[in-house]
Amino acid sequence: MTRNVSPFIILLVLILAGCQTALTPAKTSQASPIPSRPFRTLTLSPTPRLTFTPRPSKTPVLSATPFPIFTVSPTSTLQPPLVEHTWQPETALTLLFHTRGDGGSIFLDSVQPSFALFADGGLFVKKYDESTGYSQIFTRLLSRQEICQHLNTLDQIGFLDYDPETYQFVGGHPSVAGGPGVQIEINAWKSHSHSYYEMSGYLKGTFDNVFGLDPNDPTGRPIILPALRDAYYFLTDYPTDQLEVYRPSQLLMRFADMGNSPDTVEVSKWPLSEPSLANLLERSALSSPDEWSRFVLLDGSEAQRVYEAIGRYSINLGYFYEEIDGARKNYYVLIHPLLPYESPKIENGDLAQIPAPGTEKPNFTLTCYPSDGILSIPTPANP
C-alpha cells in the first residue's frame, strides 16, 4: 500500500532541508546512543619530540590584496550583524595552543601558541616546515582595523557565543586515548577560554589515517559545531605569505649532559666558540636545582649569534658536542625563541605563560566598528 504524503509534510521537509543549507559569510571588506568502541591508545615514539601536533596543511593561496584573503567556507551559524564595541583589552587578544598528548619533551619546557594576536597589534603564527621537520614563527604588526577584522570574523562565525559544553564525544568517550588537544583563548568584547581534547586529530583526519577509523562512523568522535570548526581552521590554517620570519630579542636555551653519544641520533659539533656549551650549561645551573628544568636566557647580540648559528626554528631540539682540552662532551640542547610577553619560567602547566607575571594591562581602549570588515575563513580540509 502506498501512503499519501500531505502537502504540509512535504513543505515541512523542504523547510528543514533549507535550514541545513550553509550560509556564505560576507566577503572581506575592502576597507580592511551509539555503542562505544574500545579505546585506541596513542603511543608516541621514544625519540624526544616536544609535541604530537599534526602537520598543518599547505598554506592557502592568497589573492593580490593588501591583506590575506582566505578561501570562503560555508557556515550554518546565524549571527546578528556586527555592532560597534569599545573595551579595554587584555594583553593577549587571541591565543591558540596545540597541547601535548602522551609522551612529551625530555625537558620541562612550555608549549608556545601556534597563533597569537596581541593588543599592540603583534601577530605571531607558527607553521610546520616539512623541509626541516621543525616549526618556524612568522610575524607582522597589524593596524587597529586589521586587529578588528580578526575579532569581527570570530564574532560573525559565531565563536564568541559558542558553548564549549556542546563539545561531547558520541558514545561517551573518544576513539583514541592520549592524543593532543587544542586550547583557544579569546579576549575581545567577549571572552572564551577552553581546551578541546584531541580536536585536531579528528578535524585534520590524522586519527583516521593512523588508527584506521571509519570517517563515516560518528562513534567516538567529538561533536564539533561549525562555529568551533571554523574558528579552528581560521587560526591554524592562517597564511604566512605576507608575514616575515620572527627574529626574537630573547632566546631561551635548555641544556643537559647527554653522556655517551647514542647510536640512534646524529650529534653535531657546536658551531660557536663563544658562548661555549660548557659555559652555557654552567650558567643554566643557576636557574634550577633540577637538571631537566634549567635554562639560560640570552639577550641582544649573544641571542642573535646563537639563533643564526643553530637555525631560525621554534622549539628546536638538537644534539651537539664540543671538545675542551681534548675531551669530548655531548649535550642535549633546546632553543626556544621567546614571544613578546612570554615568561621564560613554567608556572601554569605545560603551556607558555602569556602574559608573564607582572605584565601591566594595556592602558588604552580599543574600538572595533562594523565598517572594519571581516576576513573569510579557509575551506575545511576534513569537514
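Within the range 366-373, identify whether any single residue is at positive phi, at pLDDT 85 or above and outside any strand (DSSP E or B), and answer yes or no. There is at least one residue in the range 366-373 that is at positive phi, at pLDDT 85 or above and outside any strand (DSSP E or B). Residues that are among the hydrophobic types (A, V, I, L, M, F, W, C), under 24 Å from T367 (Cβ atoms) and either open to solvent by less than 50 Å² (accessible area, probe 1.4 Å) or under 18 Å from the mean Cα position of the chain (by Cα) (or both) within the range 133-157 comprise L142, I147, C148, L151, L154, I157, listed in sequence order.
Looking across D237, D217, one residue alone is over 19 Å from the mean Cα position of the chain (by Cα), modelled with pLDDT under 95 and not β-branched (V, I, T). It is D217. Please specify each residue of the range 158-177 satisfying the condition of being in contact with a Ser or Thr (Cβ under 7 Å, 6 or more places away or on another chain) and open to solvent by 10 Å² or more (accessible area, probe 1.4 Å). Hits for the range 158-177 are V170, G171, G172, H173, A177. Within the range 214-241, can you find the residues that are touching a Lys or Arg at 6+ places or on another chain (Cβ under 8 Å) and farther than 20 Å from Y128 by Cβ? Selection gives T219, G220. Does any residue in the range 263-289 that is under 13 Å from M253 (Cα atoms) come within less than 6 Å, Cβ to Cβ, of a residue that is among the hydroxyl-bearing types (S, T, Y) six or more places away or on a different chain, and which pairs are these? The qualifying pairs are L277/Y331.
Any residue at all in the range 299-318 that is assigned to a strand (DSSP E or B), at pLDDT 90 or above and either over 27 Å from I147 (Cα atoms) or among the basic types (K, R) (or both)?
yes
Just one of Y331, Y321, Y341 is on the phi < 0 side of the Ramachandran plot and buried (at least 16 other Cβ atoms within 10 Å of the Cβ); which is it? Exactly one of Y331, Y321, Y341 is on the phi < 0 side of the Ramachandran plot and buried (at least 16 other Cβ atoms within 10 Å of the Cβ), namely Y331.
In the range 220-244, the residue that is nearest to S195 (Cα to Cα) out of those that are polar (S, T, N, Q) and surrounded by 17 or more Cβ atoms within 10 Å (Cβ to Cβ) is T236. Restricted to the range 183-210, and to residues there that are within 15 Å of the chain's Cα centre (by Cα) and under 25 Å from C368 (Cβ atoms), the residue that is surrounded by the fewest Cβ atoms within 10 Å (Cβ to Cβ) is S193. Whenever a residue of the range 194-223 is closer than 19 Å to E165 by Cα, its partners that are acidic (D, E) and open to solvent by 30 Å² or more (accessible area, probe 1.4 Å), lying with C-beta atoms within less than 9 angstrom and at least six residues away or across chains, give the pairs H194/E185. Residues that are outside any helix (DSSP H, G or I) and touching a helix residue (DSSP H, G or I) at 6+ places or on another chain (Cβ under 8 Å) were ranked within the range 148-165; the one that is farthest from I374 (Cα to Cα) is Y162.
Would it be correct to say that S268 is at pLDDT below 90, in contact with a strand residue (DSSP E or B) (Cβ under 9 Å, 6 or more places away or on another chain) and open to solvent by 40 Å² or more (accessible area, probe 1.4 Å)? Can you show your working first?
On the way: at pLDDT below 90: yes; in contact with a strand residue (DSSP E or B) (Cβ under 9 Å, 6 or more places away or on another chain): yes; open to solvent by 40 Å² or more (accessible area, probe 1.4 Å): yes.
Yes: the conditions hold for S268.
The values are calculated or read from the model by the stated rules, or taken from the named source; none is laboratory data. Since the model is a prediction, treat every value here as computed from it, not as a measurement. Note: ideal-geometry Cβ built from the backbone for every residue, glycine included; neighbour counts use all protein chains shown. These accessible areas exclude ligands, DNA and RNA; they are computed on the full protein's heavy atoms, side chains included. Shrake-Rupley method; radii C 1.70, N 1.55, O 1.52, S 1.80 Å.
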